[in-house]
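Chemist: Quick one: structure below, then a few questions.
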Amino acid sequence: MYNAQEIEEKWRKYWKEHPELFRFDQKDTKKPVFSIDTPPPFTNGELHMGQIFWVSYIDAIARYKKMRGENVLCPVGWDAHGFPTELAVEKKYGRNLGREEFYKRCVELSNENIKKMRDQMLQLGFVFDEKYEYQTTAPSYTKKVQLSVLQMHEKGLIYRSAHPVEWCVRCGTGMSREEAVEKEEVSYLNYISFEVAGEEKGKKEERASITIATSRPELLHACVAVAVNPTDKKYKIFIGRSAKLPLFEREVPIIGDDAVEKEYGTGAEMVCTFGDKRDIALYYKHKLQLIEAIDESGRLKNAFEFDGLTIQKARDAVVAKLEKEKLLKKREKIKHIIKVHDRDDSPLEFISSMQWFMKTKDNAEKIKRTAKEIKWIPESTRQRLEDWANFIEWDYNFSRNRVFGTPIPFWRCEKCDYILPADKGKLPINTLDERPPSEKCPKCGSKVIGEKEVFDGWVDTGITPMVIAGWPDDTTLYKRAFPNSIRIQGTDIVRTWAFYTIYRTAMLTGNKPFENIIVNGMIRGTDGREMHKRYGNGIFLPNLVPKYPIDAIRLWVALSVGLGKDKIFSYMEMDYAKSFLTKLYNTAKFVEMALAQGKAQKEEPHKYLNVFDIWILNRLNDVVKEVTESYDGFVLYDAMNKLTNFYWHEFADYYIENIKHRVYSEDKKMEKSKDAALFTLRYVLEASLQMLAPVVPHLAEEINSMFNKKGSIFEQKMPEYHELGSGQDYVINGLIQKSEMEIDASSIGTFLNLVIGEVRKEKAKNRIALNHEITSININVPDEYISAVLASQDELKNILKAKEITAKKGKEFSVSIKI
RNA sequence: GGGUCCAUCGUCCAGUGGUUAAGACGCUAGCCUUACACGCUUGAGACCGGAGUUCGAUUCUCCGUGGACCCACCA
């Protein structure tokens, strides 16, 4: 085994000292630009498996493109804003820091974390462009986020509206989705009777009623509709009429909606503002009235005699009164799942308040159309985006009640919510610290205030393709690098990062954000479950290094099939990758040693190539075709699968074995043949190395340096495929050559290897060593190969260590040996 | 409930309208072969079930079964 750590360190250092190898050359205007958008990791201090995956994957693509002569722009970014950082700072410094001080401490902590994560990226061999590194907390980045939102405001895409948010009544704060966790609870389903109001025209009928079932009777005062399934025979005649609320003197419409299950409860439900997410959906869909049911401390409001009661007390009181008035038909014990705050387990309520929105719902079609212009790798992952776009229930609420986030660059009227945008020339800005353009609301004359809430993190990261293309200042770069060439990201954030990025760039630029998107699945733990703290099944870089070389990790990533679907982590596959590297290193050592045996390479030794030499060169040519096609489609699996199999099982197992006798020969007559073998050995090794280099860069550099004393393998070009006209043709250094032998070397080489394989089998059957000399070999050869076998008799004798070889024409191919 | 993906040796994982169905780990038998015993050679070992399309299906279609994931819901 080679010393991986030493080699890795050496080449990491070399790349650092030669940044020009990978740096984007902005002055160059000839080479095509290849720009890469990578997911800015959230700065929590350690790269997780998903990040190890994409870093390895995209770095290989970047290095490949570089070797294809493209001008590669590969920045890396950091998504620093976020709640976990706030929590950590709160834990360390308490809750009493002022806003500015608190923000500063958060930046400090994320900077520490960025340093750690950056080191791990470099450890993986990632050669990103430091010059283009970005961080969402940097003022220059804040400026861009704010500008992009101000431009969206100009386009009429930003507005404020009342919207229910999940609210912890105990803590008195709003929740984001990830803090709301599910919990099972035992409750009661209450059957309450509503009288149907009015009469059908010209028809006297009995008084009709609808019984609804609810687990939230205390919200009866905020009931704004009764909903039934439109196909339900029992109720459909009531749709369009009204129902009288029990206990309260009010009528609400009876609406039809598919969301109502005919079988659940009574098949009728009341819609309150707001009991649960269903209510919210129906409220928006049917444009219902809004009655605020609960205040921020969890007490009822707009409930007349029940005002001020806590939820639990109100529930008891309402049920008691319904019972008394004989309006409660029955109560049924149920188990159901409710949302609770992850920190204190208390039930969350929906409280309606004024929120900031971006118009996504009406733009769903445009988002889908833009998504179709992008090549999704694999194609099936686009479905996730479509599904999400098809299911938008309401617009994107982008404000968060937090401190550590990008400030929202608007003031607003305290009373009428009129929006005053910041001056685009004065960014970045925090409207809490600055005077508004007008002290009084231009609309109603009331007081204008700065915005305390901050942007959701996806607002920061939704413009990365524009940012790395130099938007808005560098218009030259922007023209060349936007849309970006490619993005890589995980399946888990298709409906967030991909969705918002496509939305934002489509709205702001009218264009797609990138040409290609690679969507990789999640790497699961060895137990098959998602890697998660609470399962303790996470695997991080320090768990793998130094047991595995970095190149083995990278090769494992490339050989992890099935982009788009989840992958269970496997040490077995990692071991395979490691074995391949050992093999690669040992073959290189062999070639090095072999070259030392020969004299200086004669000019054009390839003129003396024999059938095995041409066979392996032609196989190489085939592999070059497959590998470059796979790289060009960004599918590393196919490239590495083909290449590693070729290298190991054709080049090492057959070719090297077949030419050993030539390499070791000291016979003068063999000199030219020896030179030809040495030439071919080196040629195939170097070409394979060039194709392997993007994925296993450290070892590739090391081996390259064994043969080329100066420079980096990344200054070399990828080998190119050439279509061959006949079996006599072969490719050397991009030129098609013609062998003087009038044979089809590819098919004869393949046949001779078959013969060699059969002899190996016979030797194994007879339990003798492969190098054991045997008396004779008899071969029955099909017509078309007989002359080739006879011509290669001496060669075969040497390869197979046989004193004599006899070949006869025979219908059935067969091989027998005499020991 | 809606959707997406998937089902191949004991395990992992390729591939194909006609193949001798590849490779890895493990297992078998041998080989210390002047690059590699972390290796090499050899052997055993697989297309979820049903129907359809077809001359022919592991491959295409449908149904079923099983699994993974996403979304929605549990009034």
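Taken together, the values in this text are just the output of simple stated rules run on the coordinates, not laboratory data. Not measured: the values here are computed from a predicted model. Here the Cβ is made from the backbone with ideal geometry for all residues, glycine too, and neighbour counts use every protein chain on show.
Chemist: Please sort by residue number the GluC sites (Glu not before Pro) in the stretch A:762-791 whose DSSP state is loop and whose Cβ has at most 12 other Cβ atoms within 10 Å. Walk me through the numbers on the way to the answer.
Modeler: Values: sites: A:Glu762, A:Glu773, A:Glu784; in loops: A:Glu773.
Within the stretch A:762-791, the qualifying GluC sites (Glu not before Pro) (loop, at most 12 other Cβ atoms within 10 Å) are A:Glu773.
Chemist: Going by amide H atoms built from the backbone, whose H comes under 5 Å of the H on A:Asn484, apart from near neighbours?
Modeler: The list, which skips near neighbours in sequence, is A:Phe514, A:Glu515.
Chemist: Could you derive backbone 3J(HN,Hα) for the stretch A:655-669 from the dihedral phi with the Karplus parameters 6.51, -1.76 and 1.60 (θ = phi - 60°), listing whole Hz in sequence and x where the residue is Gly or Pro?
Modeler: 4, 4, 4, 5, 9, 4, 5, 6, 5, 7, 5, 10, 5, 4, 5
Chemist: Additional query: Where the only charges are on Cβ atoms (+1 Lys, Arg; -1 Asp, Glu), what is the dipole of the stretch A:436-580 about its Cα centre, to the nearest 20 debye?
Modeler: Working: 19 positive and 15 negative charges, 42 e Å.
Using Cβ point charges on Lys, Arg, Asp and Glu, the stretch A:436-580 gives about 200 debye.
Chemist: When 1/r is averaged over all different Cα pairs and the result inverted, which Kirkwood radius in Å belongs to the stretch A:301-435?
Modeler: Numbers: mean 1/r = 0.0479 Å⁻¹.
With all distinct Cα pairs of the stretch A:301-435 included, I get 20.9 Å.
Chemist: Using the C-alpha atoms of the stretch A:702-819, what convex hull volume per residue, in cubic angstrom, is computed? Walk me through the numbers before you get to the answer.
Modeler: Numbers: hull volume 19.2 nm³, N = 118.
So the per-residue hull volume is 163 Å³.
Chemist: Taking a ≥ b ≥ c as the square roots of the eigenvalues of the Cα gyration tensor of the stretch A:389-514, is the shape rounded (a/c under 1.5), prolate (a/b larger than b/c) or oblate? Kindly include the intermediate steps, with their values, before the conclusion.
Modeler: Details: a/c = 2.41, a/b = 1.66, b/c = 1.45.
Prolate.
Chemist: Suppose we look only past 17 Å in the calculated P(r) of the stretch A:578-646. What percent of the Cα-Cα pairs does that tail hold? Please report the intermediate quantities before stating the final value.
Modeler: On the way: 1448 of 2346 pairs.
So the portion of pairs separated by more than 17 Å is 62 percent.
Chemist: Could I ask something else about it? What trypsin sites (Lys or Arg not before Pro) in the stretch A:1-39 are in a loop by DSSP, with at most 11 other Cβ atoms within 10 Å of the Cβ? Can you show the working numbers first?
Modeler: Working: sites: A:Lys10, A:Arg12, A:Lys13, A:Lys16, A:Arg23, A:Lys27, A:Lys30; in loops: A:Arg23, A:Lys27, A:Lys30.
Qualifying residues, ordered by number: A:Lys27, A:Lys30.
Chemist: Then there's this: Check the straight Cα-Cα distances from A:Lys424 and name the lysines below 18 Å, setting aside those fewer than 8 residues away within the same chain.
Modeler: Candidates past the 8-residue exclusion: A:Lys143, A:Lys144, A:Lys155.
Chemist: For the cross-link pairs A:Lys301/A:Lys324; A:Lys717/A:Lys738; A:Lys10/A:Lys565; A:Lys372/A:Lys567; A:Lys738/A:Lys818; A:Lys335/A:Lys361, which exceed 28 Å when the distance is taken from alpha carbon to alpha carbon?
Modeler: Working: A:Lys301/A:Lys324 23 Å; A:Lys717/A:Lys738 24 Å; A:Lys10/A:Lys565 36 Å; A:Lys372/A:Lys567 26 Å; A:Lys738/A:Lys818 38 Å; A:Lys335/A:Lys361 34 Å.
Pairs exceeding the cut-off: A:Lys10/A:Lys565; A:Lys738/A:Lys818; A:Lys335/A:Lys361.
Chemist: Give the relative contact order (percent, whole number) for chain A; include only Cα pairs under 8 Å separated by 6+ residues.
Modeler: Value for chain A: 13 percent.
Chemist: Divide by every residue of chain A the summed helix terms, -39500 (n - 2.57) for each DSSP H run of at least 4, and state the resulting mean residue ellipticity at 222 nm, rounded to the nearest 500 deg cm²/dmol.
Modeler: Details: 24 runs with 302 residues, N = 819.
Rounded to the nearest 500, it is -11500 deg cm²/dmol.
Chemist: On to the next question. In whole angstrom, how far apart do the alpha carbon centroids of the stretch A:380-431 and the stretch A:479-554 sit?
Modeler: Value for the Cα centre distance between the two parts: 24 Å.
Chemist: Taking the Cβ of each residue in A:Lys244, A:Lys674 as the centre, tally the other Cβ atoms inside 10 Å and list the residues starting with the fewest. Could you put the intermediate results ahead of the total?
Modeler: On the way: A:Lys244 15, A:Lys674 23.
The fewest-first ordering by Cβ neighbours comes to A:Lys244, A:Lys674.
Chemist: Continuing with this model, one more query. Could you work out how far the C-alpha centroid of the stretch A:650-679 sits from that of the stretch A:24-76, in angstrom?
Modeler: Computed from Cα coordinates, the inter-centre distance equals 41 Å.
Chemist: May I pose another question? Looking at chain A from every direction and averaging, what is the projected area of its Cα convex hull in nm²?
Modeler: 47.1 nm²
Chemist: How large is ³J(HN,Hα) for each residue in the stretch A:71-80, as worked out from phi by the Karplus curve 6.51 cos²θ - 1.76 cosθ + 1.60 (θ = phi - 60°), to whole Hz, x for Gly and Pro?
Modeler: My calculation for the stretch A:71-80 gives 8, 8, 10, 10, x, 9, x, 10, 8, 8 Hz in order.
Chemist: Report the one residue of A:Val781, A:Asn484, A:Gln383 whose Cα lies farthest in the direction of the positive end of the charge dipole of chain A (charges on C-beta: Lys and Arg +1, Asp and Glu -1; origin at the Cα centre).
Modeler: Positive-end residue among those listed: A:Gln383.
Chemist: Within a Cβ distance under 11 Å of A:Thr266, other residues only, what is the Lys/Arg minus Asp/Glu net charge?
Modeler: Computed value for this residue: -1.
Chemist: Give, rounded to the nearest 20 debye, the magnitude of the charge dipole that the stretch A:663-784 has about its Cα centre when Lys and Arg contribute +1 at Cβ and Asp and Glu contribute -1 at Cβ. Walk me through the numbers on the way to the answer.
Modeler: On the way: 14 positive and 19 negative charges, 112 e Å.
Taking the Cα centre of the stretch A:663-784 as origin, the dipole is about 540 debye.
Chemist: Restricting to Cα pairs below 8 Å that are 6+ residues apart, what does the relative contact order work out to for the stretch A:1-92? Please round to a whole percent.
Modeler: On the way: 65 pairs, mean separation 36.3, N = 92.
Averaging sequence separation for qualifying contacts and normalising by length gives 39 percent for the stretch A:1-92.
Chemist: So for A:Cys106, A:Cys416, fewest C-beta neighbours within 10 Å to most, what's the order? Please report the intermediate quantities before stating the final value.
Modeler: Values: A:Cys106 25, A:Cys416 11.
Exposure proxy ranking, most exposed first: A:Cys416, A:Cys106.
Chemist: Apply the Karplus parameterisation 6.51 cos²θ - 1.76 cosθ + 1.60, with θ equal to phi minus 60°, to every residue of the stretch A:311-320 and state each ³J(HN,Hα) to the nearest whole Hz, in sequence, with x for glycine and proline.
Modeler: Working through the residues one at a time gives 4, 5, 5, 5, 4, 4, 5, 5, 4, 4 Hz.
Chemist: Collect residues whose amide H, placed 1.01 Å from N in the peptide plane, falls under 5 Å from the amide H of A:Ser209; neighbours closer than 5 in sequence don't count.
Modeler: Counting only residues 5 or more places away or on other chains, the set is A:Val196.
Chemist: Here are some pairs, A:Lys375/A:Lys512; A:Lys65/A:Lys547; A:Lys660/A:Lys710; A:Lys512/A:Lys625; which of them have Cα atoms lying more than 19 Å apart in this structure? Could you put the intermediate results ahead of the total?
Modeler: Details: A:Lys375/A:Lys512 11 Å; A:Lys65/A:Lys547 30 Å; A:Lys660/A:Lys710 28 Å; A:Lys512/A:Lys625 31 Å.
Pairs exceeding 19 Å: A:Lys65/A:Lys547; A:Lys660/A:Lys710; A:Lys512/A:Lys625.
Chemist: State the answer as a single residue: which of A:Gly69, A:Ser56, A:Pro39 lies farthest towards the positive end of the charge dipole of the stretch A:32-71, with beta carbon charges of +1 for Lys and Arg and -1 for Asp and Glu, about the Cα centre.
Modeler: Result: A:Gly69, furthest along the dipole toward the positive end.
Chemist: In Å and whole numbers, how far do the C-alpha atoms of the stretch A:35-74 stretch along each principal axis, longest first?
Modeler: Cα spread of the stretch A:35-74 along its principal axes, largest to smallest: 36, 14, 11 Å.
Chemist: Moving on. In what order do A:His48, A:His221 fall by count of nearby beta-carbon atoms within 10 Å, going from fewest to most? Present the calculation step by step, with values, prior to reporting the outcome.
Modeler: Details: A:His48 17, A:His221 22.
Ranking A:His48, A:His221 by Cβ neighbours within 10 Å, fewest first, gives A:His48, A:His221.
Chemist: Let me ask something else. Search the structure for amide H atoms under 5 Å from the amide H of A:Leu73, placed 1.01 Å from N in the peptide plane, and list their residues when 5 or more places away or on another chain.
Modeler: Amide H to amide H, under 5 Å and 5 or more residues apart or across chains, A:Leu73 pairs with A:Phe34, A:Ser35, A:Ile36.
Chemist: Quote the charge dipole size of chain A about the Cα centre in Debye, to the nearest 20; the model charges only the Cβ of Lys and Arg (+1) and of Asp and Glu (-1).
Modeler: Details: 125 positive and 121 negative charges, 126 e Å.
Using Cβ point charges on Lys, Arg, Asp and Glu, chain A gives about 600 debye.
Chemist: Could you check what % of the DSSP bridge pairs in chain A are antiparallel, to the nearest 5? Before the final figure, lay out each step's value.
Modeler: Numbers: 67 of 96 bridges.
Restricted to chain A, the bridges split so that about 70 percent are antiparallel.
Chemist: Using R₀ = 22 Å, calculate the FRET efficiency as 1/(1 + (r/R₀)^6) where r is the Cβ-Cβ separation of A:His649 and A:Lys375; round to 0.05.
Modeler: On the way: r = 33 Å, r/R0 = 1.49.
Step by step, r from the Cβ atoms, then E = 0.10.
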